[in-house]
Amino acid sequence: MASLAESVSDVRPTTGADAPGWQAELADAIRDPVELCRLLGLDAELGRRNHEAGFATLVPRPFLKRIRFGDPTDPLLRQVLPAPEETQGAEAPTDVVGDLAAEVIPGLIQKYHGRALLMASPHCAVHCRYCFRRHFPYENVAEIDATWSSGIEAIRKDATLSELILSGGDPLTVSDRRLSRLLDWIDGIGHLRRVRLHTRLPVVLPSRVTGDLLSLLCGRNATIVIVVHVNHAREIDEEVADAFGRLRECGALLLNQSVLLRGVNDGVETLAELSERLVSVGVTPYYLHQLDRVAGVSHFEVPETTARRLIEDLSRRLPGYAVPRLVREEAGAASKTFLA
Ligand SMILES: *Cc1c(COP(=O)(O)O)cnc(C)c1O
Ligand code: SF4
């Protein structure tokens with residue numbers, strides 16, 4: 001069997017003539033907060049002071065298109081524009097969810113019965129300012145192909161595992177060639193019934209859902225579950241809806257997880273619209289996460305009492321399948337902690 005260690009180089013986006021369009025689009029993403037403000041008709045001063053706090057700005061242009069022009073309070077903008085508050089509270093912990101303690105080997109995490117999580121890529125196509133992984137020491141996962149090989153070996157030996165979760169970073173930033181090799185390996189492990197991808201690419205870079213990607217995902221032995229990440233109904237435009245539709249046509253089960261974020265989606269109207277929009281494009285709301293309290297994100301926090309009330313209000317308006325479960329991640333717990 002071919003080693004996964006052949007091509008570390010194609011993890012990174014390339015702009016070569018034969019690179020797929022999505023990789024060129026990723027290379028063309030906005031990396032400068034001043035430019036981000038300028039393109040949105042906002043005061044450059046908003047982006048001028050550097051508030052990145054060690055987590056660079058990264059906004060792909062398809063996502064930019066959905067941000068309202070000239071509105072500094074736009075809920076999509078708030079997710080991606082570095083804010084002055086990020087540099088505060090630097091004393092807060094950086095690994096609150098206990099990922100490092102749960103590492104089986106670097107890059108392979110098992111916290112819960114029956115499912116393990118493989119960090120298939122250290123890269124994302126967008127940098128979400130509230131992300132709990134903003135401090136993750138990805139440099140330890142640098143030899144990512146070696147991680148995969150030893151990770152897959154560990155998974156092969158553990159027959160209690162029925163599901164492998166590909167996460168990161170974002171597993172769809174990996175090239176088709178390497179993803180296909182990884183999925184072939186997984187398909188060869190009889191006890192793995194499901195492969196789950198936790199990805200934001202179909203949302204922020206829908207061009208990633210190419211015919212090639214679909215043909216390498218479709219028709220596997222393992223059931224494919226795709227957990228996308230949408231926080232606000234306006235993130236789903238027609239292109240994104242099409243991308244979801246193509247993934248569903250190839251048999252994938254589509255779920256959504258959101259993070260409850262102050263100033264983004266902390267209202268019952270906003271959450272109801274998000275659920276309605278998700279259901280209308282074939283995605284089932286799965287989890288609404290309470291924010292993980294890492295350094296630099298506290299300005300996004302919604303108090304737990306407010307969160308519970310929001311879910312109660314939502315339950316009174318929507319069918320049960322459209323109400324996500326409110327969860328918090330606690331280090332050392334046997335599952336997510338269900339709050340409502
Ligand atoms: C959240 C998470 C999972 C998945 O949990 P589900 O409740 O099955 O969605 C698995 N492994 C790790 C490490 C996680 O953080
Ligand atoms: S895509 Fe996911 S992992 Fe990447 S920055 Fe956003 S929330 Fe974090």
Once label points are set 7 Å from the Cα along Cα→Cβ at both residue 280 and residue 149, what is their separation, rounded to one decimal in nm? 5.0
Computed label-point distance, nm, for sites residue 100 and residue 218 using a 7 Å Cα→Cβ extension: 4.4
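Would you calculate the volume per residue, in Å³, of the smallest convex hull containing every Cα atom of the chain?
Values: hull volume 44.6 nm³, N = 340.
Enclosed volume per residue, from the Cα hull, is 131 Å³.
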Rounded to one decimal in nm, the spacing of the 7 Å Cα→Cβ label points at residue 321 and residue 273 is 2.4
How would you rank 118-130, 273-285, highest first, on the average number of other Cβ atoms within 10 Å across their residues? 118-130, 273-285
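Where in the range 29-100 are there GluC sites (Glu not before Pro) that are in a DSSP coil and have at most 12 other Cβ atoms within 10 angstrom of their Cβ? Could you put the intermediate results ahead of the total?
Details: sites: 35, 45, 52, 85, 86, 91; in loops: 52, 91.
Taking the range 29-100 and a limit of 12 other Cβ atoms within 10 Å, the loop GluC sites (Glu not before Pro) found are 91.
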Separation of alpha-carbon centers, the range 253-281 and the range 175-199, rounded to whole Å: 28
Alpha carbon centroid spacing (whole Å) that separates the range 35-101 from the range 288-319: 20
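Subtract the Cα-Cα distance of residue 241 and residue 28 from 0.36 nm times their separation in residues, and report this length gain in nm to one decimal. Walk me through the intermediate numbers first.
On the way: separation 213, 0.36 × 213 = 76.68 nm, distance 2.26 nm.
Taking residue 241 through residue 28 to full extension adds about 74.4 nm, to one decimal.
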Give the accessible surface of the chain per residue, rounded to a whole number of Å², with probe radius 1.4 Å and ligands, DNA and RNA excluded. 42
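On the accessible surface of the chain, probed at 1.4 Å, how many percent belong to carbon and sulfur atoms?
Numbers: 7290 of 14120 Å².
Looking at the chain in its full context, I get 52 percent from C and S.
The values are calculated or read from the model by the stated rules, or taken from the named source; none is laboratory data. Remember, predicted model here, so these are calculated numbers, not experimental data. Every residue, glycine as well, gets a Cβ built from its backbone with ideal geometry; the counts of neighbours run over all protein chains shown. Accessible surface areas use protein heavy atoms only, side chains included; no ligands, DNA or RNA. Shrake-Rupley method; radii C 1.70, N 1.55, O 1.52, S 1.80 Å.
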